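The values are calculated or read from the model by the stated rules, or taken from the named source; none is laboratory data. Small disclaimer: the values here were computed from a predicted structure and weren't measured. So basically every Cβ, Gly included, is an ideal-geometry build from the backbone, and we count neighbours across all protein chains shown.
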Amino acid sequence: MSVTRGVAAQPIGSERAVARFGKFKGWVLIYIAVAVLLTGVSLVVGTSSVRTSLGWLMSPAVLSDAVLWDIRLPRTLGAWSAGALLGLAGAIAQSVFRNPLAEPYLLGSSSGAALGVTLSLLVTETSLTGLAWLGQLGLTGAAFAGACAGITLTLALSRGVLQTPSLLLAGVVVAFLLGAIMSLLLLRSPETWRAMQSFLLGSTGFLGWRSVALLAVVLAVSLPPAGLLSRGLDALTLGEDTAWSLGIPLASLRLALLGLLSLTTAASVSQVGVVGFVGLVAPHLVRESVHVNSRQLIVAAPLCGGALLQAADILSRWIIRPSELPVGIVTACLGGTYLVVLLWRKAQRE
Amino acid sequence: MRSRPGALLVGLLALVCTCAAGRAADAPIVLFDSAHHELRLEHPPTRIASLLPSLTETVCELQECGHLVVVDRYSNWPASVAQLPKAGGLEDVEIEQIVSARPDVVLVAHAPRVLERLRGLGLVVFEFETQRYADIGRNVTVIGALLGVPERAARLNRQIEDSVEEVAAAARSRLAERAPLVYFEVDSGPYGAGPQSFIGEMLGRIGVRNILTADLGPFPRLNPEYVVRANPDVIFISPTEAPHLIHRPGWERIRAVREQRICSFPPAVRDTIVRPGPRVAEGYRALTECLLRVAP
Amino acid sequence: MNSTVLSAVHDFPPLSLREVSVGFGPRTVLARLSLDVPRERWTSIVGPNGCGKSTLLRTLMGLLQPENGRVWLEGRVLADWSRRERAQRVAWLPQTTPVSDLLVRDCVALARFAHTGWLGSLTLSDEAAVEKALLATGVRELAARRLSTLSGGERQRVNLARLLAAECPILLLDEPTTHLDPPHQIDIARILRQQAHHGRGTVVSAIHDMSVALLADEIIVMGMHGLVGQGSVSQALDEGWLSRAFGTSIKVTRSGTSYVWQPDLAE
């Protein structure tokens, strides 16, 4: 049976039979190297000049040690971890929904988490920095519970797990609904409104070692199951009917993936607030640089997302030093620009 | 700033108008507000709407409280104001509430959307600048002219300035040797009060040093490590945030946190500090009292 | 393979329907339908558009739940089969597949999921099955390509390779010849026939191209009001099932080992 009867598809450069596995490993190393580099940069960037910071590294003192090891280092590691969680969540979301525009906050998880934090702030009258360091179940639990509630509401609205379009639609509806409730609550209490603004724009400002620990644990707990389920994700790209016929338990797979999505998103949101674009852009960046199957995407997207948020954190501290921008604004600018470039390039190709 | 010549102009105009009109009972009142919008009233207003707490307080300090018909939800002093109908905040004004109160004039701070809407409905709207200490005196004068009680206004201004100077001078003398380094946090973010802000001016006047410099602006959003590096002696912060300071990464090294030199004020007291209004002297007193207590 | 042993032991049909009704909202597509799929034969479902060919196939697969009646797989109610067992016995080729970014080889290898499960990696026999399928459908040279870069016809053949790689005794195919030009359509027919006869497989397909559909061993003729008839092709012709089902006169003539369908425009 000959192959090239009829119209033959043009082989595109990157599709040539290169040692595909080797290329993937190369990119993994690149992402790790970038993360290490950014960690180093992060240590010397902030309210002091690079020279001063380097001076601190040479001759330690109490205050400068506090800045370097209690503020800058956990901050950058926390940013990496949160970015990794978002990258993982984005990869899962885009795979489950088979939609390149899917992002972690799709199913109402961010509005649910925000509402949970709002309620918690209103009820207990705790502060926003309490948010970042509380490694215990307090505010993180509120954010997580809120994220779960948001996703549950979405599932209920779409009447089941198996219809993707209705899931997406329900997610949009829930996001609006919960956002409206949150705005209503905040209107009654202007002080909480100011605190929530900080949360909604995203902030890596108060990430300490406890936050890092929490984020790292969630990442370690989420990656193995996600890698395991990636085979099902691959099957899902062929359509739900085919996946089902291959023996993939669709409903359980969905639930498990949505559970992971909810866990990773909630953990990230509870520590750094609502940071957009990282979850959307990281999987894209990975797929644009090297072709990957689902399992490889699950590994690479977190690495990419981590580096992205690290970079955004550094920029947010450096651009208007000693003031700082909310990191969500930086990611929006970076991410938005990248998406515009992507669209432009796609248009060029066609 | 354009407020200086503006203040002079308004003051002069007011003086001219009131002199020419005697008790200003019959002659029309012509004033320019902070946006240089001309205001023309036949006689002093008897129904006043105020959408900013400091303006409400000014009206009441000028003994014209009885003329207030509707205020914003944040106006809470004096107690009699609580009985009045509330028309929302500045950004989310309840237009109907204001219109149904049929005010002769509406006192607002800078809020373009609200202004457009109210003026479009035919109301007389007077805009005020309320950012700095200098604005207090000017606003008192203007409102006094507006209400036809310029002498009372002048007296109130003198009284405010005298009490403030009295408190400030006493504070300066007692804090002179210590000259504490201070950080005033306005909001979690963290947002600090710079020297150019109203609060910053107060702190400067009582002789403490601000960790923020003027070039950062009035309310910059800070990198938390800035505060750690500056190592202030005293931190001003809200009561809900105060117990969590020690948990902010690196902040346990700050002298103010280590030695528990924190100043928090209950909301009622905080109002006198953050509102550039006639009760500013009380704000000074609160600041000074706490400083004298906790400063090293 | 297990299937040969089982089929020798049991003498019930691999797939059957009993009094099955399937509808979408107010519309009933299958009404109290009962039929048996013959073992180790290639059965073609033919009928006009909208008569329920796809619905019948999907019901046989278990993708649609009948409102009444039951579907039987190898003598057991379909609903009682575990996912894994069912996936090892029945393979499905849908009418349309979303364009995926997978590599051809990965796509075909997915067919072995029922054998490897979540954790297992591909064994030698899995790899062999994949290779065999790639060769049989002539897409071996495309193995390192991404599905999204292939033409519709190439993708269709990759999907077929995936079907074959599963090595299931029962194959259900919904319009497998779409996008394919005639030479490839014949190749498909050849593969299906080979699966049925030499591979000891049971094949059921819905192909609307009459000349290919009539290459099967048996046909099930569906009309707009239900089953018209089931039997061999010559039986269908003798008893005029096709004319009855399609409502217009269909002239089918035998030509060697195949049948030729000619439209009869004469009123």
Expected output for region A:60-89 (first residue under 16 Å from residue B:226 (Cα atoms) and facing chain B (nearest Cβ under 7 Å), partner assigned to a helix (DSSP H, G or I) and among the basic types (Lys, Arg), Cβ below 7 Å, 6+ apart or cross-chain) is A:62/B:253; A:63/B:229; A:63/B:253; A:66/B:253; A:67/B:229
Checking A:261, A:342, A:236 in turn, the sole residue that is surrounded by fewer than 23 Cβ atoms within 10 Å (Cβ to Cβ), of a type in the set (A, V, I, L, M), out of contact with any strand residue (DSSP E or B) (no Cβ under 8 Å at 6 or more places or on another chain) and farther than 21 Å from residue A:75 by Cα turns out to be A:342
Counting only helices (runs of 4 or more DSSP H) wholly inside region B:108-181, the ones holding at least 3 residues that are loosely packed, with under 15 Cβ neighbours inside 10 Å are B:112-120, B:150-175
Per the list (1) crowded, with 19+ Cβ neighbours inside 10 Å; (2) more than 20 Å from the chain's Cα centre (by Cα), residue check on residue C:68 breaks on (1)
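Could you go through region A:60-71 and let me know if any residue there is in contact with a Ser or Thr (Cβ under 9 Å, 6 or more places away or on another chain) and at pLDDT below 85.
Yes; the residues of region A:60-71 include at least one that is in contact with a Ser or Thr (Cβ under 9 Å, 6 or more places away or on another chain) and at pLDDT below 85.
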I'd like to check something: does region A:219-226 contain any residue that is closer than 23 Å to residue A:71 by Cβ and more than 10 Å from chain C (Cβ to nearest Cβ)? yes
Flagged in region A:35-56 as away from chain B (no Cβ under 14 Å) and either within 24 Å of the chain's Cα centre (by Cα) or at pLDDT 90 or above (or both), in numbering order, are A:35, A:36, A:37, A:38, A:39, A:40, A:41
Selection from region C:83-94 of residues surrounded by fewer than 20 Cβ atoms within 10 Å (Cβ to Cβ) and either of a type in the set (Asp, Glu) or more than 9 Å from every other protein chain (Cβ to nearest Cβ) (or both) yields C:85
Restricted to region C:24-37 and to residues being buried (at least 19 other Cβ atoms within 10 Å of the Cβ) and over 14 Å from residue C:228 (Cβ atoms), the residue modelled with the highest pLDDT is C:37
Among residues of region B:141-191 being within 16 Å of residue B:296 (Cα to Cα) and of a type in the set (A, V, I, L, M), the residue nearest to the other protein chains (Cβ to nearest Cβ) is B:181
Next on the checklist: Considering only region B:203-225, I want to know if a residue exists there that is over 16 Å from the mean Cα position of the chain (by Cα), within 14 Å of chain A (Cβ to nearest Cβ), of a type in the set (A, V, I, L, M) and surrounded by fewer than 18 Cβ atoms within 10 Å (Cβ to Cβ).
Outcome noted: yes
Expected single match for outside any strand (DSSP E or B), more than 13 Å from chain A (Cβ to nearest Cβ), surrounded by 14 or more Cβ atoms within 10 Å (Cβ to Cβ) and small (Gly, Ala, Ser) among C:79, C:129 is C:129
Determine whether region A:29-38 contains at least one residue that is surrounded by fewer than 18 Cβ atoms within 10 Å (Cβ to Cβ) and either more than 30 Å from residue A:263 (Cβ to Cβ) or touching a residue at least 12 places away in the same chain (Cβ under 8 Å) (or both).
-> yes
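Considering only residues of region B:226-243 that are touching a residue at least 24 places away in the same chain (Cβ under 8 Å) and closer than 18 Å to residue B:270 by Cβ, which is nearest to the other protein chains (Cβ to nearest Cβ)? Spell out how you get there, then give the answer.
Just the residues of region B:226-243 that are touching a residue at least 24 places away in the same chain (Cβ under 8 Å), to begin with: B:227-228, B:230-239, B:241.
Applying the additional criterion that residues be closer than 18 Å to residue B:270 by Cβ yields B:234-239, B:241.
Details: B:234: 17, B:235: 13, B:236: 15, B:237: 9, B:238: 8, B:239: 9, B:241: 4 Å.
By that ranking, first place goes to B:241.
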The residue that is surrounded by the fewest Cβ atoms within 10 Å (Cβ to Cβ), considering only those in region C:193-205 that are more than 14 Å from every other protein chain (Cβ to nearest Cβ) and not polar (S, T, N, Q), is C:198
Does region A:194-204 contain at least one residue that is in contact with a strand residue (DSSP E or B) (Cβ under 9 Å, 6 or more places away or on another chain) and of a type in the set (D, E, K, R)?
yes
Only one of (1) within 14 Å of chain B (Cβ to nearest Cβ); (2) not in a helix (DSSP H, G or I) does not apply to residue A:271, and that is (2)
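Residue-wise test of (1) over 25 Å from residue A:239 (Cα atoms); (2) at pLDDT below 85.
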{"residue": "C:143", "(1), (2)": "no, no"}
{"residue": "C:156", "(1), (2)": "no, no"}
{"residue": "C:161", "(1), (2)": "no, no"}
{"residue": "C:174", "(1), (2)": "no, no"}
{"residue": "C:183", "(1), (2)": "yes, no"}
{"residue": "C:192", "(1), (2)": "no, no"}
{"residue": "C:220", "(1), (2)": "yes, no"}
{"residue": "C:225", "(1), (2)": "yes, yes"}
Within region A:227-246, restricting to residues that are without any contact (Cβ under 8 Å) to a residue 40 or more places away in the chain and among the polar types (S, T, N, Q), the one that is nearest to the other protein chains (Cβ to nearest Cβ) is A:245
Consider residue A:249 carefully, then state whether it is within 14 Å of chain C (Cβ to nearest Cβ), surrounded by fewer than 19 Cβ atoms within 10 Å (Cβ to Cβ), closer than 30 Å to residue C:166 by Cα and under 18 Å from the mean Cα position of the chain (by Cα). no
Taking region C:182-192 and the residues there that are free of Cβ contacts under 8 Å to residues at least 40 places away in the same chain and more than 11 Å from residue C:156 (Cβ to Cβ), the one that is surrounded by the most Cβ atoms within 10 Å (Cβ to Cβ) would be C:189
request  = Restrict the check to region C:66-84 and report whether at least one residue is on the phi > 0 side of the Ramachandran plot and out of contact with any helix residue (DSSP H, G or I) (no Cβ under 8 Å at 6 or more places or on another chain).
outcome  = yes
Of A:317, A:321, the only residue that is in a helix (DSSP H, G or I), basic (Lys, Arg), in contact (Cβ under 8 Å) with a residue 60 or more places away in the chain and within 14 Å of chain B (Cβ to nearest Cβ) is A:317
